Amino acid sequence: MQEAQSGLIPKFAENFFNATVDYRINNFTYFDHSIIRPAISKDDKKRMRTLSEKDFDDPIKRKTDAVLAVISNCHAESGRLEYMRELDRFLNVTKVGGCFRNRRSSEEVEAMIKSHYFVVAFENVECAGYATEKFWRLTKGIVPIVLRRRILKGLAPPGSFVAADDYRSPRELARHLLATIESREEYRKYGYHIPASHYFFHL
């Protein structure tokens with residue numbers, strides 16, 4: 001699944017019926033990589049798993065590195081590569097992917113997730129209600145950094161991720177990240193924002 005892209009809309013017959021499945025959370029038929037929300041029924045609880053503070057507490061003990069960025073699309077409209085490079089001036093960003101001529105296997109990336117505190121989850125294109133699969137690595141005990149807070153509205157609890165637009169510059173964001181790394185209690189707060197009554201559902 002990818003973000004919406006501009007394109008031509010063909011003409012359809014008057015009796016054409018469309019039931020599009022789409023990533024927008026307010027759409028009639030919603031489909032995305034994952035979602036965090038309260039369980040509504042017993043069936044929900046069977047398909048979804050809870051997220052708890054323990055999901056963050058245990059991985060913290062193994063973390064040694066600041067920020068992980070895995071990027072292979074070097075021409076994203078969102079300007080994510082430029083922002084990430086500026087952020088890299090103020091704290092260490094582990095750069096992986098085709099854009100950095102540093103491709104790694106999925107197993108190697110999984111190992112890096114365990115050793116890093118934050119992961120860059122910037123989109124190719126900014127689309128409200130769509131979160132890259134990188135964002136959902138938060139369920140593995142790493143905190144995602146997104147470009148715009150409004151994009152994640154309704155997908156995940158507001159305090160469970162870092163939004164770059166909450167800060168005036170990459171330098172200010174870097175200060176926050178470094179301060180959070182220095183304080184285990186501050187880092188653990190990102191896990192606290194996922195209530196015990198909420199469930200993670202991977203589609």
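List pairs: first in region 134-157 and touching a residue at least 40 places away in the same chain (Cβ under 8 Å) and surrounded by fewer than 22 Cβ atoms within 10 Å (Cβ to Cβ), second hydroxyl-bearing (Ser, Thr, Tyr) and assigned to a helix (DSSP H, G or I), Cβ under 9 Å, 6+ apart or cross-chain? Short answer, once both residue conditions are applied: 147/83. Evaluating residue 77 against the criteria (1) out of contact with any helix residue (DSSP H, G or I) (no Cβ under 6 Å at 6 or more places or on another chain); (2) under 26 Å from residue 175 (Cβ atoms) leaves one unmet condition, (2). Within region 56-72, the set of residues being crowded, with 16+ Cβ neighbours inside 10 Å and part of a loop (DSSP other than H, G, I, E, B) comprises 63, 71.
A search for C-beta distances below 7 Å between a residue of region 52-79 that is of a type in the set (Ser, Thr, Tyr) and any residue that is at pLDDT 90 or above and part of a loop (DSSP other than H, G, I, E, B), counting only pairs 6+ apart in sequence or on different chains, returns 78/147. The residue that is modelled with the lowest pLDDT, counting only those in region 50-69 that are hydrophobic (A, V, I, L, M, F, W, C) and over 14 Å from residue 144 (Cα atoms), is 51. Selection of region 76-99 for residues being among the charged types (D, E, K, R) and part of a helix (DSSP H, G or I) yields 80, 82, 85, 86.
Residues in region 149-169 that are of a type outside the set (A, V, I, L, M, F, W, C), part of a loop (DSSP other than H, G, I, E, B) and modelled with pLDDT of 90 or more: 167, 168, 169.
Within region 117-133, being buried (at least 22 other Cβ atoms within 10 Å of the Cβ) and within 20 Å of residue 59 (Cβ to Cβ) holds for 118, 119, 120, 121.
The values are calculated or read from the model by the stated rules, or taken from the named source; none is laboratory data. Keep in mind that this is a model prediction, so the values were computed, not measured. Positions of Cβ are backbone-derived with ideal geometry, glycine not excepted, and every protein chain shown enters the neighbour counts.
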